[in-house]
Amino acid sequence: MGKLSAYLLMLAVIIAPARTLASHAMGTDITYECLGGNQYRITVAFYRDCEGISAPATITVSYFSNLCNIPQGSYSAVLAMQSSREVSPLCPSQLPNSSCRGGALPGVEQYIYSGNITLPAACSDWVIGYTECCRNNAITNLQSASS
């Protein structure tokens with residue numbers, strides 16, 4: 001696995017805590033596709049609790065490289081929402097009763113955001129990330145998930 005892949009995997013696992021200060025975010029996955037040269041298609045899958053506020057229309061990812069002396073905050077890109085769908089962890093017969101559809105059972109939606117970026121240099125350590133300030137209180141495998 002290349003360094004960029006390893007960093008993206010690490011970010012997907014540890015980053016997902018938004019600037020909206022709400023308790024809707026459950027997590028994110030970040031993937032990329034090399035388009036050639038220094039161009040990449042970045043895709044973020046954003047998961048929200050259906051009982052929280054709405055998902056944003058766009059999200060902003062940032063990217064930096066320590067080896068090329070490009071500090072955090074130097075570059076960012078706005079990704080547009082491409083699609084959304086319900087991915088509630090329920091049996092098919094229970095889906096009509098999910099909170100996404102007005103019911104009482106826990107509901108989860110997945111939103112897909114994507115866009116192309118051109119990295120300004122051919123560095124081997126690019127880090128691409130997305131942050132949320134406040135995750136959902138229903139997350140039980142983190143202490144103080146909402147903060």
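The values are calculated or read from the model by the stated rules, or taken from the named source; none is laboratory data. Please read these numbers as outputs of a predicted model, since none were measured by experiment. To get the accessible areas, we keep the full protein, side chains included, count just its heavy atoms, and leave off ligands, DNA and RNA. Shrake-Rupley method; radii C 1.70, N 1.55, O 1.52, S 1.80 Å.
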Worksheet item: Hey, what's the per residue convex hull volume over the C-alpha atoms of the range 46-98, in cubic angstrom?
Response: 122
Practice prompt. Kindly report the accessible area of the range 39-93 per residue (heavy atoms of protein chains, probe 1.4 Å, no ligands, DNA or RNA), in Å².
Written response: 57
